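Enquirer: The structure that follows is given in the form of structure tokens.
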Amino acid sequence: MSLHETSEAVPKAVLVGLQIGRTSESEVQSSLVELSRLVSTLGFEVIGKLHQRRTSTKSATVLGDGKLVELAKWTGGTGKIAPNFVKKKHKAALKFKNEDEEDDIFDFPEETFEESEPEDFVEVENPQDQAQWVVFDCDLSPLQLRNIESATGAKVLDRTGVIIEIFSRHARTRAARLQVEIARLTYVAPRMRGVSGGDDDRMGGGGKGVGESAIELDRRKIRDRIKELKQELSSIGQEHLTRRSRREQEACVALVGYTNAGKSSLMRTMTGSEVYVADKLFATLDTTVRAVYPETRPKILLSDTVGFIKKLPHDLVASFKSTLDEALNASLLLFVVDAADPSFRSQLEVTKTTLAEVGAGDIPSLLILNKRDCLTEEQTSSLATEFPDAVFLSTRNAQDVEDLRLRLVKFFENSMREEEIFIPYKVQGVIGDIRARLKVLGESYDEKGVRLKVRANSEDFDKIAKKIRDALADID
């Protein structure tokens, strides 16, 4: 299924939300707003939203009959499922089948539901304003997708399909493309519709294909392809591990947070690097690691990880574990939130929950209330009371950025100690290394060598001592 329309017109979409169990009306609306932003990131125009209270999502079309007809008005469909296929029965069962009895098309049980109130949207009369796409704010089974397409006459996506498509468009590095392709194939495999032939045709002849239908062969090809991609990704992972091992002794800080919270903008401002920045969800997927600029002593590395989102598909979380490893190996996590977004608390909870799932729940952290320039004085005062240890910041304010930089330096200096190091004149290269990597507080000279007063952690002092011993051993 291609998401690119053949005409130049902007594709139009109608969104469908479900209120399941104890989910509140406001939670449904908030999730639909987020889905609208996701769909807009794909280049669609959202022309309508519907939602309905249901006891579950397991019925044949997810929606009730009345709501399905209402949805079809947005797409020009009939609101009824065309009887294109009938469930096959065993030959023995066919003997007892009444000729006038129709087979049941679906395997879903009957379900009772409560109709929600009609949505406050104007019905579409002009075909040019009708939606070509229907997007559900939940996961749909292959049969549900097919049924809804039949009833609406439109193309149908679920939330996972939207997110995977966005990831596939925005992945730039080889590793990210491999990760997205694995997730995409995992999503597509159960939704295949026999593109290589009829589902019931069995492959004859000897060999591995005996007894397999065409669609089963296609799915096996996908499984083999996923295996190949994982092997290729594993080799790239070794390269990443090598680079990461070189940074193990560095002071590392990871930016984590909801997508579009401003992480990339902060990364760009703190490091002076040309990180891609856009007002889109998942604008960047690739982990970027840069040194804080102006350079600090100790040198601090800042990494920008993939953004989080509610209902992020588990396959994508697993695929992007390598990017989240930057958070696992960080000494400090900066939780970046858009303080002007009323839903940032729930977004922060999603981020913390996901990081806890990958084992990064106990790493020291600092909350960054970003975009403070969008807050009123009352909002700022209230948030300061609620989050007394948080850092208020606007990437447009140079002083805010400098204050954060100094706070990061102070965090790492708290675990350091001051010590005097003596370097004989005959030892070459060590002084330059110390000046480049560590914070020199003072220095003095005598006839035998240089004495440097340095602030560093124990590992750095051990490295310098070893270099001096090795250099003296080579001279002797």
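Enquirer: Would you check which residues across segment 152-179 are over 18 Å from THR259 (Cβ atoms), out of contact with any Ser or Thr (no Cβ under 6 Å at 6 or more places or on another chain) and in a helix (DSSP H, G or I) and list them?
Expert: Those that are over 18 Å from THR259 (Cβ atoms), out of contact with any Ser or Thr (no Cβ under 6 Å at 6 or more places or on another chain) and in a helix (DSSP H, G or I): ARG174, ALA175, ARG177, LEU178.
Enquirer: Continuing with the same structure: Can THR395 be described as touching a helix residue (DSSP H, G or I) at 6+ places or on another chain (Cβ under 6 Å) and either open to solvent by less than 70 Å² (accessible area, probe 1.4 Å) or among the β-branched types (Val, Ile, Thr) (or both)?
Expert: Working: touching a helix residue (DSSP H, G or I) at 6+ places or on another chain (Cβ under 6 Å): yes; either open to solvent by less than 70 Å² (accessible area, probe 1.4 Å) or among the β-branched types (Val, Ile, Thr) (or both): yes.
Taking the combined requirement at face value, the residue satisfies it.
Enquirer: I want to confirm something. Restricting to segment 260-289 and keeping residues that are at pLDDT 65 or above and surrounded by fewer than 18 Cβ atoms within 10 Å (Cβ to Cβ), which single residue is farthest from VAL162 (Cα to Cα)?
Expert: To start, the set of residues in segment 260-289 that are at pLDDT 65 or above comprises 260-274, 287-289.
Then keep just the ones that are surrounded by fewer than 18 Cβ atoms within 10 Å (Cβ to Cβ); that gives 272-274.
On the way: GLY272: 32, SER273: 30, GLU274: 28 Å.
Filtering first and then ranking leaves GLY272.
Enquirer: Same structure, new question: What are the residues in segment 437-476 that are open to solvent by less than 50 Å² (accessible area, probe 1.4 Å) and either within 14 Å of PRO298 (Cα to Cα) or under 43 Å from the mean Cα position of the chain (by Cα) (or both), if any?
Expert: The answer is LEU438, VAL440, VAL454, ALA456, ASN457, ASP460, PHE461, ILE464.
Enquirer: Let me ask something additional. On the basis of being within 18 Å of VAL256 (Cα to Cα), touching a residue at least 24 places away in the same chain (Cβ under 8 Å) and touching a strand residue (DSSP E or B) at 6+ places or on another chain (Cβ under 7 Å), does LEU366 make the cut?
Expert: Criteria met by LEU366.
Enquirer: For residues that are loosely packed, with under 12 Cβ neighbours inside 10 Å and over 19 Å from the mean Cα position of the chain (by Cα), tally how many sit in segment 345-379.
Expert: Residues flagged as loosely packed, with under 12 Cβ neighbours inside 10 Å and over 19 Å from the mean Cα position of the chain (by Cα) within segment 345-379 amount to 5.
Enquirer: Checking the conditions here, which among LYS80, LYS58 is open to solvent by 50 Å² or more (accessible area, probe 1.4 Å), within 29 Å of the chain's Cα centre (by Cα) and not hydroxyl-bearing (Ser, Thr, Tyr)?
Expert: Going through LYS80, LYS58 in turn, the sole match is LYS58.
Enquirer: Please determine, by comparing only the residues of segment 410-436 that are surrounded by fewer than 17 Cβ atoms within 10 Å (Cβ to Cβ) and under 10 Å from ARG297 (Cβ atoms), which one is modelled with the highest pLDDT.
Expert: Per the criteria, the residue is ARG435.
Enquirer: Then there is this: So how many residues does segment 18-55 have that are of a type in the set (A, V, I, L, M, F, W, C) and open to solvent by 30 Å² or more (accessible area, probe 1.4 Å)?
Expert: Selection size over segment 18-55: 4.
Enquirer: Could you say which residue among PRO118, PRO142 is modelled with pLDDT of 80 or more and surrounded by fewer than 18 Cβ atoms within 10 Å (Cβ to Cβ)?
Expert: On the way: PRO118 fails: modelled with pLDDT of 80 or more.
Going through PRO118, PRO142 in turn, just one is modelled with pLDDT of 80 or more and surrounded by fewer than 18 Cβ atoms within 10 Å (Cβ to Cβ): PRO142.
Enquirer: Taking the condition outside any helix (DSSP H, G or I), modelled with pLDDT under 85 and not basic (Lys, Arg), does GLY204 pass?
Expert: Answer is yes for this residue.
Enquirer: Which residues, taken from segment 333-344, are among the aliphatic types (A, V, I, L, M) and surrounded by fewer than 17 Cβ atoms within 10 Å (Cβ to Cβ)?
Expert: Within segment 333-344, the subset among the aliphatic types (A, V, I, L, M) is 333-334, 336-337, 339-340.
Result: ALA340, single match.
The values are calculated or read from the model by the stated rules, or taken from the named source; none is laboratory data. From a predicted model like this one, the values you see are computed outputs, not experimental measurements. When we count neighbours, we look across all protein chains shown, and the Cβ atoms used for this are built from the backbone with ideal geometry, even at glycine. These accessible areas exclude ligands, DNA and RNA; they are computed on the full protein's heavy atoms, side chains included. Shrake-Rupley method; radii C 1.70, N 1.55, O 1.52, S 1.80 Å.
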